[in-house]
Amino acid sequence: IIPIVMAGVLGIYGLIVAVIITQSISTPYGDGSTTYSLYSGYAHLAAGLCCGISCLAAGGTIGIIGDVGVQCFGLKASGGQRAWATGEGSSSNDDGAAAAMSDGAVSAEAANKLYVGLLIMLIFAEALALYGLIVALILSQNQYSCEVQ
């Protein structure tokens, strides 16, 4: 469930940048002139792309780590038997696989080591998006206002 929550946070990063950019866009005057410059538009585009691409990279990384983590934890919990992939131990006549699974049961300490390692990898993957958010916030603050003559 942790990779799912972390992926949801990535969407919130994009929402934060979108709200900040929207608040800094000025509406045009009645005669069609505006103070929103081309420089400000490209700075806001760069901020959105920076946040979006870094969140895309972090989301892909979180998805891969979550998938591999679930597979590794399942393999460790089954004592190294790949019953989910090969079908070993699925029939009632196969007592050897069931005995091997009970002998190689995962201890709480081994499960915690695997969990902590996965959690650290997920945190570092989330840091990619956080760096993108910080750069996007810095970029969105760069503005140039046009003078109305």
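The values are calculated or read from the model by the stated rules, or taken from the named source; none is laboratory data. On a predicted model such as this, the values are computed, not experimentally measured, just so you know. Every residue, glycine among them, receives a Cβ derived from its backbone with ideal geometry; neighbour counts consider all protein chains shown. Note: accessible area is taken over every heavy atom of the protein model, side chains too, but ligands, DNA and RNA are not part of it. Shrake-Rupley method; radii C 1.70, N 1.55, O 1.52, S 1.80 Å.
The accessible-area ordering, largest first, of the residues Met6, Met121 stands as Met121, Met6, per a 1.4 angstrom probe. Sorting 50-58, 30-38, 130-138 by average packing, meaning the other beta carbons within 10 Å per residue, from highest down gives 50-58, 130-138, 30-38. Across the range 31-42, rounded Karplus estimates of 3J(HN,Hα) from the backbone phi angles (6.51 cos²θ - 1.76 cosθ + 1.60, θ = phi - 60°) give 8, x, 7, 9, 9, 7, 8, 5, 4, 5, x, 5 Hz, Gly and Pro being marked x.
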